[in-house]
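**Student:** Below you'll find the structure I mean.
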């Protein structure tokens, strides 16, 4: 079993790395990646859960990338569930997809609003809000080969104990309103008194267990470096267990 918690995976070389080493490791991997050089240096941006720092991402973005595209990546990888509203707050200014009074539309290139060292906020769903902290760590001459931005690294799923026996939990039992959950291991998830249609695989996301959120590997893999597939992001064994439980 891979190490968990503050550790993660480099998505270029697929090695396990520590969170604190993600940026220097990414520099080295980018240098040997063969990726093209941008006309202007790309941004290296870290993303982590607000008060949930064990969930983290590192991405590279061209300067012409827009906030809308960054919003799409965050939605596809971490938060999208019901098409909720979202916004960035950058140096006191709010950016949304449907700008109203006092807001600015997200169709802004990053070069217009970001620079090295800038820290900013992202919020998704203003009912059961998921808040993320973002930081432009530095710039790098490399550029994503097929898009304006790309994931470079992400955390390994934090270890969660089973609420019944204390073993490693891999499933979540949601309550009726979808706002709280109970974690279960492979053995305890088969208990006959559980509603199988309220059980999901635990998601590697700070939105896990909120508003019925489920990971979408097909959407997320579009933001990964070349060579990754949807199958790389899912565990067929867990999917098979869940299917067996729901079939009764």
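The values are calculated or read from the model by the stated rules, or taken from the named source; none is laboratory data. Computed from a predicted model, the values in this text were never measured in an experiment. Ideal geometry is used to build each Cβ from the backbone, glycine not excepted, and the neighbour counts take in all protein chains shown.
**Student:** Kindly indicate which of 158, 145, 192, 196 is farther than 25 Å from residue 16 by Cα, modelled with pLDDT under 95 and out of contact with any helix residue (DSSP H, G or I) (no Cβ under 9 Å at 6 or more places or on another chain).
**Tutor:** 192
**Student:** Looking at region 75-92, which of the residues that are in contact (Cβ under 8 Å) with a residue 12 or more places away in the chain and surrounded by fewer than 17 Cβ atoms within 10 Å (Cβ to Cβ) is farthest from residue 133 (Cα to Cα)?
**Tutor:** 82
**Student:** Looking only at region 139-158, count how many residues are under 17 Å from the mean Cα position of the chain (by Cα) and not in a loop (DSSP other than H, G, I, E, B).
**Tutor:** Within region 139-158, residues that are under 17 Å from the mean Cα position of the chain (by Cα) and not in a loop (DSSP other than H, G, I, E, B) number 7.
Here is a yes/no grid of residues against (1) assigned to a strand (DSSP E or B); (2) closer than 30 Å to residue 31 by Cβ:
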| residue | (1), (2) |
| --- | --- |
| 111 | no, yes |
| 128 | no, no |
| 137 | yes, yes |
| 163 | no, no |
| 194 | no, no |
| 197 | no, no |
| 210 | no, no |
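**Student:** While we're here: Hey, any hits in region 57-69 for a residue that's surrounded by 14 or more Cβ atoms within 10 Å (Cβ to Cβ) and either assigned by TED's automatic domain parsing to the domain that holds residue 217 or at pLDDT below 95 (or both)?
**Tutor:** Within region 57-69 (the criterion being surrounded by 14 or more Cβ atoms within 10 Å (Cβ to Cβ) and either assigned by TED's automatic domain parsing to the domain that holds residue 217 or at pLDDT below 95 (or both)), the answer is no, since none of the residues qualifies.
**Student:** From (1) buried (at least 16 other Cβ atoms within 10 Å of the Cβ); (2) touching a helix residue (DSSP H, G or I) at 6+ places or on another chain (Cβ under 9 Å); (3) modelled with pLDDT of 90 or more, pick out the condition that doesn't hold for residue 167.
**Tutor:** Only one criterion in (1) buried (at least 16 other Cβ atoms within 10 Å of the Cβ); (2) touching a helix residue (DSSP H, G or I) at 6+ places or on another chain (Cβ under 9 Å); (3) modelled with pLDDT of 90 or more is unmet by residue 167, namely (1).
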